[in-house]
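The values are calculated or read from the model by the stated rules, or taken from the named source; none is laboratory data. None of the values given here were measured: they were computed from a predicted structure. In this analysis, Cβ positions are derived from the backbone assuming ideal geometry, glycine residues included, and neighbour counts consider all displayed protein chains. Heavy atoms of the whole protein, side chains included, go into the accessibility calculation; ligands, DNA and RNA do not. Shrake-Rupley method; radii C 1.70, N 1.55, O 1.52, S 1.80 Å.
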Amino acid sequence: MRSKANIEVDAGRRTFATGLLAYLIATLRRCRPGDLIAVTSDDASIAADLETWCRFTGNTLVETNVEESGTRWVIRCGAAPANLDAGRPVGSRLWLYSNFDCNLCCDYCCVRSSPSAPRRELGLARVKRIASEAPELGVTEIFVTGGEPFLLADIGEVLSACAAGAPTTVLTNGMLFGGRQLAALRTLPHDRVTIQISLDSPTPNRHDRHRGEGTWARAWAGVERARAEGFRVRLAATVSTDADAEEFREFLDAQRIAEEDRVIRHIALRGFATQGVALARSDLVPEVTITAEGVYWHPVGAEDADFLVSREIFPLADSFAAVRRAFDHEREHSRRLATIFNCA
Ligand code: SF4
């Protein structure tokens, strides 16, 4: 699977000598920093020119794929973020995709979850093993996500196992806190489990447009239920514009939600999304992400081949080492490009 790009360019028969350069410059003028441009051509000989052009213009070649229709190069408009290794250490956060099916089918879901998506369950046995080995590897936080984790009959045991390893946050749409799931919630250690509920807007309009009629009200009821059960609740919004983000921030202020209990991010151009922020591996500090299918670079691309690091989960230490090695390789690559660019 290939990265989604903001702009697709079919180079046709153009080369740098026959018009591709002007075409690329015109395309760049339409881009914002960080956008991804995909250039497809059946003339593989433009590769060297493209790479040189990227070096001299300060853009970054982030991906090359040979496909049936030709070679597809993905170029980021601008350099990789300079502070890629700043912040939390690689491996301190561990993401577990407990399952991929969901009671909703949001139009921007980055892992294409829906009621008909195959479950692809990580499973309690693997979760227990991962959570018990994780602390020794430097994990200080575990995040359980999906799909909708509360579709699982044993979600209480899954979360308890994780919480025994490290403080755990479960990401949910907040709509399934009744009956058996409510009973499961009540068994959890409240000081080790945080519930992060998706709420995209202060009122139903935008939230329901992406997630389905009536979902805002049910999510808000979930927030109130989780709070009433004594959990720390974090609200997470996925937004399209800075104005949407600002409006949600004002809502959170009015609700007196603490900074550490807010997550606001833009839609990622992955999965079902047709618009949003295009993200390549080199744009993101890795956060080890484990699914039933293997180990991935980051939760935002947890079923995309370009984010896959290893099909083998165990030994867990090897998986973490593989992610760190891949990150070192990525940094080395950007340093090399920077050096070449500076010398030029
Ligand atoms: S975004 Fe979340 S709630 Fe929506 S379909 Fe995906 S997993 Fe389900």
Run residue 134 past the list (1) under 18 Å from the mean Cα position of the chain (by Cα); (2) under 17 Å from residue 158 (Cβ atoms); (3) away from the ligand (no atom under 16 Å from the Cβ); (4) touching a residue at least 60 places away in the same chain (Cβ under 8 Å) and report the number of the one that doesn't hold. (1)
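Every residue, every condition in (1) within 16 Å of the ligand (Cβ to nearest atom); (2) closer than 18 Å to residue 300 by Cβ, yes or no:
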{"position": "59", "(1), (2)": "no, no"}
{"position": "117", "(1), (2)": "yes, yes"}
{"position": "129", "(1), (2)": "no, no"}
{"position": "142", "(1), (2)": "no, yes"}
{"position": "146", "(1), (2)": "yes, yes"}
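Take the residues in region 264-310 that are among the basic types (Lys, Arg) and within 16 Å of the ligand (Cβ to nearest atom), then tell me which one is surrounded by the most Cβ atoms within 10 Å (Cβ to Cβ).
From region 264-310, those among the basic types (Lys, Arg) are 265, 270, 281; that's our starting set.
Right, trim to within 16 Å of the ligand (Cβ to nearest atom) and you get 265, 270.
Working: 265: 13, 270: 26.
The extreme case among them is 270.
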Qualifying residue in region 13-36 (condition: of a type in the set (D, E, K, R), buried (at least 20 other Cβ atoms within 10 Å of the Cβ) and outside any loop (DSSP other than H, G, I, E, B)): no
Output for Cβ contacts, cut-off 8 Å, separation at least six or different chains, first residue modelled with pLDDT of 90 or more and open to solvent by 20 Å² or more (accessible area, probe 1.4 Å) in region 78-103, second more than 16 Å from the ligand (Cβ to nearest atom) and among the hydroxyl-bearing types (Ser, Thr, Tyr), reads 93/140
Those residues that are more than 29 Å from residue 125 (Cβ to Cβ) and assigned to a helix (DSSP H, G or I), I need them from region 262-305; list them, please. 281, 282, 283
Step by step: first the residues of region 243-263, then only those that are closer than 20 Å to residue 171 by Cα and basic (Lys, Arg), then the one that is most open to solvent (accessible area, probe 1.4 Å). Which residue is that? 249
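Could you list all residues from region 161-179 that are within 16 Å of the ligand (Cβ to nearest atom) and not polar (S, T, N, Q)? Write out each step before concluding.
Pass one, region 161-179, residues within 16 Å of the ligand (Cβ to nearest atom): 169-177.
Those that are within 16 Å of the ligand (Cβ to nearest atom) and not polar (S, T, N, Q): 170, 171, 174, 175, 176, 177.
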I need the full set of residues from region 1-12 which are in a loop (DSSP other than H, G, I, E, B) and surrounded by fewer than 18 Cβ atoms within 10 Å (Cβ to Cβ), in order please. 1, 2
Yes or no: residue 158 more than 15 Å from the ligand (Cβ to nearest atom), within 23 Å of residue 314 (Cα to Cα) and open to solvent by less than 20 Å² (accessible area, probe 1.4 Å)? yes
Over region 58-70, the set of residues touching a strand residue (DSSP E or B) at 6+ places or on another chain (Cβ under 8 Å) and more than 22 Å from residue 283 (Cα to Cα) is 67, 69, 70
Of 236, 161, 217, 184, the only residue that is among the aliphatic types (A, V, I, L, M) and in contact (Cβ under 8 Å) with a residue 40 or more places away in the chain is 236
